[in-house]
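Notes follow once the structure below has been shown.
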Amino acid sequence: MEPEQPSPDTEQESLHEETHLPAPTVYPIGFAIGIVVVLVGLIINPLLISSIGAAIAIVFAILWAREATAELRAERVTVEPERRESEKTGAPAAADEHDVTLAEVPVTRSVFLEGATLGLGAAIGGLITLPVAGFALLPPFLGQTLHKVDLGPITKFPLGKWFIATFIVDPQEGDVSRRTAFIRNNGNVADPETKQQVPSFTIISNHCVHLGCPVQANGPVGEKYTGTPSFKEHTLNGPVEFESVTPAGYGCPCHGGQYDPEGNRIAGPPVRALDRYNFEINHGRLILLSAYSVSHVVGTGAQAQIYKYKEVGPGEHVDGPEQLFYPINPPQN
C-alpha cells in the first residue's frame, strides 16, 4: 500500500503552526550607536560624551529587551498580514482564515534575516571603525602649529665655531619636546633677492636618518678641549644650553652610520644626509623654525649648496625612484 500523500490543505495548515519570529526592530541600531558614542567619547570627552553614549545605549537596551520579552510578559504581539498582487491576474492573492497570504514568497525569512544581519553588522562595524580611524589618523595632518624656538642673540655665536644646542620646542610639553642640534655661525652672505648681506647659519639635526637614534659629534667637546666657551641662554622657550664642539663628523652609536661635518652620509646604513632646520633672524636673535630633509650637500658653510626636500621619516629616500614607495608623511611642526 502506498503511503498517503498529504493534501495541499494539510501543508497549508502546517505553515501556520510554525512559530513566528519577532518583527524587525531599530532598537539594536540605537544600542550600537550608543556604544559608538561611548567609544568616541573616551577619546574626546570621557565625562560628557561617554555619559551621553551610555545613556543612549541603556535606553535602547531596555526597549530592545522589553520587545524581545513581550510574549513572556503576556503582551499581545501584532503580526501584520502580508498582501501582494498576483503575478498573473493582478488580483489580490488569496488569504486563509487568519488573513495571512498564501502566495509564494520570493524571498524567504531566512534569506531576509541573513541579509539584514550582514547589513547591520557592516553598519555597526563602520560606525565603530571610522570614528576611531579618523581620530587616530587625521590629527597629524590637521591643526599642526609651527613652533618657533628662540635660541638667543646671534652675537653669542663666534664665527666658524660649532655648538651642540639643547633646547625645548614647546614649553607646554616640557622636556618631552627637548631636541638637540649642531649649530655653526657661517658669517654673512649676500641674499640672492635683496643682494644685502644677511647672517648664515648651519643648523643640523642630531637625529640619525637611518632609524632616528641621536648621533654624536666625532671630536672634542667642551671649552677645555675646544678653547671656545660654552654658554646658556634663558629664552621664551626655556633654558637653552650651548656646548662648544669641534666635529670631524657625526656618528650614530646604534648602527654605525657616519656623516661628514656638513651632514653628508659617508658610511653605514643611512640613506641620505642629516636633516637640517630652517631659521630666521628676528631683532638680532636666532629663531629656529621647522626641519627639512636633505639628500646631500655640496660645499661647506655659507657657500654650501643644499639639496632640500620636505621632511620625511628616518630610512626614507627623498630622491630617486625609491621615494615613490613610501606613505604620505604628515606635516611637521
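The values are calculated or read from the model by the stated rules, or taken from the named source; none is laboratory data. Everything numeric in this text was worked out from a predicted model, so none of it was measured. Cβ atoms come from the backbone with ideal geometry, glycine included; neighbour counts cover every protein chain shown. We work out accessible area using only protein heavy atoms, side chains counted, and drop any ligands, DNA or RNA first. Shrake-Rupley method; radii C 1.70, N 1.55, O 1.52, S 1.80 Å.
One table, with the values for the structure above:
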{"read-out": "Solvent-accessible area, 1.4 Å probe, carbon plus sulfur percent, for the stretch 196-294", "value": "52 percent"}
{"read-out": "Set LYS161/LYS224; LYS232/LYS308; LYS195/LYS232; LYS156/LYS308 screened for pairs whose C-alpha atoms are more than 25 Å apart", "value": "LYS232/LYS308; LYS195/LYS232; LYS156/LYS308"}
{"read-out": "For the stretch 276-325: rounded, prolate or oblate by the Cα gyration tensor [a/c cutoff 1.5]", "value": "oblate"}
{"read-out": "Per residue accessible area in Å² of the stretch 243-298, where ligands, DNA and RNA are left out and the probe is 1.4 Å", "value": "37 Å²"}
{"read-out": "Computed over the stretch 225-267: relative contact order in percent, which uses C-alpha pairs under 8 Å that are six or more apart", "value": "24 percent"}
{"read-out": "Per-residue SASA entry for LEU48, accessible area with 1.4 Å probe, Å² rounded to 10", "value": "100 Å²"}
{"read-out": "LEU146 paired with LEU48, simple spin-label distance in nm, labels 7 Å along Cα-to-beta-carbon", "value": "3.2 nm"}
{"read-out": "Residue-span extension gain [GLU280 to THR180] - 0.36 nm each, minus C-alpha spacing", "value": "34.2 nm"}
{"read-out": "Prolate/oblate/rounded label for the stretch 192-333 (Cα gyration tensor, a/c 1.5)", "value": "oblate"}
{"read-out": "Set of the stretch 203-239 residues, backbone N closer than 17 Å to the point 7 Å along the Cα-Cβ line of VAL169", "value": "203-215, 237-239"}
{"read-out": "Rounded to the nearest 10 Å², the accessible area of TYR307 at probe 1.4 Å", "value": "90 Å²"}
